[in-house]
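Derivation of every value follows stated rules applied to the coordinates shown; laboratory data play no part. Since the structure is predicted, the reported quantities are computational estimates derived from the model, not experimental observations. Positions of Cβ are backbone-derived with ideal geometry, glycine not excepted, and every protein chain shown enters the neighbour counts.
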Amino acid sequence: MAMMKIALDAMGGDRAPETAVAGAIRAARELPIEVVLVGREQAIAESLESYPQRPANLSIVHAPEVIEMHDAPVASVRKKRESSINIGLELLKEKRVEAFVSAGNTGAVVSASTLLVGLLPGIERPGIAILLPGVKGDTLLIDVGANIDPRPLHLVQYALMGDAYVRCVVGKARPAVALLNVGEEETKGTDFIKETYGLLEASGLSFAGNAEGRDIFSGEFDVIVCDGFAGNVALKTAESLANAINVLLKRSLMMSPVTRLGAWLARDAFAQLRKEVDYAEHGGAPLLGVNGVSIIAHGASSGKAIKNAIRVAYESVRHELNRHMVDAITLYAQHAHP
């Protein structure tokens, strides 16, 4: 059996190609895959020179153009046809690789994945899913930015895809699914939310009702669905809060010799906490619904985060995630329209 190939956008991210190459090296050493580095060949080769003992399961595909973070997503995808994002997704479309990973322009990755690779049968809109740490366990939040003006059916499809992801990749047999709202009561929210609630209740999923913002990190629910606008605000707020807590905690712990001693004594606990809330541990957010595995990593990703984003891609392919999502969508459609 041929080794699984995963394309990595080597020009995506704040410190590309160095962090992309670092992540690719780690992934190639730890996973039974070939990492295909897509981008400017000379720049990638120069970064690889820092690794004289680099593994053999790496290759390069030249892409002369780069879609920058400030570029307009749709326009840049159409204008920069030889960008690392476009060429990487063309490899996925042509089945020359099994997955694509990028820490580049999120909007461009969503647009190019949709335009070049297409959507799975029955899916109307893709959704970005992210696994967030919680008090009682991880929660998959979908959508966090792909579709800011969805219809109720789109959120039902997000729930079905999120349920499939948690079952197949995370390994939880019967995920509890919730709808993000401003209150727990069924009567709360806009007409859009109320209609979505009714559809989810009849979906056949293990629907647990409404979740509030405070529930995102409680771990009470395995999947929380929302529109991309609310999801992106929630995600960016969480990132900002995590950074603020880190700064404020360090400031407080340095106030006196006693607090500094306490910080030193509790250093292992702080290290474990940092690991639990570090996005680098999860690495990447799958763009669910496209006809291939497309993973979006944070622009500030470290080599470790890139490696873990590649691992997310590997696990998604290995567990045949797309097949399970299509089965779920097909079953729902048959149930809704017998």
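Residues within the reach of a label modelled at A266 (point 7 angstrom out along Cα to beta-carbon, backbone nitrogen below 20 Å), restricted to region 228-251, are 241-251.
Converting phi to 3J(HN,Hα) with the Karplus coefficients 6.51, -1.76 and 1.60 and the offset θ = phi - 60°, region 107-114 yields x, 5, 5, 5, 5, 5, 4, 6 Hz in sequence order, with x at every glycine or proline. With neighbour counts taken as other beta-carbon atoms within 10 Å, the residues M69, M161, M325, M255 rank, fewest first, as M255, M69, M325, M161. For K79, a cut-off of 21 angstrom between C-alpha atoms picks up these lysines, skipping any fewer than 8 places away in its own chain: K93. What is region 56-199 by shape, rounded, prolate or oblate, if you read a ≥ b ≥ c off the alpha carbon gyration tensor as root eigenvalues and call it rounded for a/c under 1.5, prolate for a/b larger than b/c, and oblate otherwise? It comes out prolate by the Cα gyration axes. Sorted ascending by nearby beta carbons within 10 Å, beginning with the fewest, Y51, Y197 become Y51, Y197. Legend: ranking of residues I85, I123 from fewest to most surrounding C-beta atoms inside 10 Å; resulting order I123, I85. Couplings 3J(HN,Hα) of region 167-180, computed from phi: 5, 8, 9, 7, x, 9, 5, 10, x, 7, 10, 9, 10, 5 Hz, in residue order, whole Hz [Karplus 6.51 cos²θ - 1.76 cosθ + 1.60, θ = phi - 60°; x for Gly and Pro]. In the structure shown, the pairs K136/K250; K136/K172; K5/K307; K5/K172 are assessed against 19 Å; a Cα-Cα span above that value is assigned to K136/K250; K5/K172. If you work out mean projected area of the Cα convex hull in nm² from the coordinates, which of (i) 20.8; (ii) 19.2; (iii) 16.8 do you get? Among (i) 20.8; (ii) 19.2; (iii) 16.8, the one calculated here is (ii). Taking amide H as placed 1.01 Å from N in the peptide plane, S294 has its amide H under 5 Å from the amide H of F100, L287, each at least 5 places away in sequence or on another chain.
Once the chain from V182 to A333 is taken as fully extended at 0.36 nm per residue, the excess over their C-alpha distance is 51.5 nm. Note on R318 and S206: the extension gain reaches 37.8 nm, defined as 0.36 nm multiplied by sequence separation minus the Cα-Cα distance. Straight-line reach from K194: taking Cα to Cα under 25 Å and skipping same-chain neighbours fewer than 8 places apart, no lysines fall in range. Extending 7 Å from Cα along the Cβ direction at D191 and again at R214 yields two label points whose distance is 3.1 nm. In the chain, if the dipole is taken from +1 on Lys/Arg beta carbons and -1 on Asp/Glu beta carbons about the Cα centre, which of V74, G213, V35 is farthest to the positive end? Comparing the listed Cα positions along the dipole, V35 ranks first.
For region 129-279, the spherically averaged projection of the C-alpha convex hull amounts to 9.8 nm². Decide, for region 185-240, between rounded, prolate and oblate: order the square roots of the alpha carbon gyration tensor eigenvalues as a ≥ b ≥ c, take rounded if a/c falls under 1.5, and otherwise choose prolate if a/b is larger than b/c, else oblate. Because a/c hits 1.5 or more and a/b exceeds b/c, region 185-240 counts as prolate.
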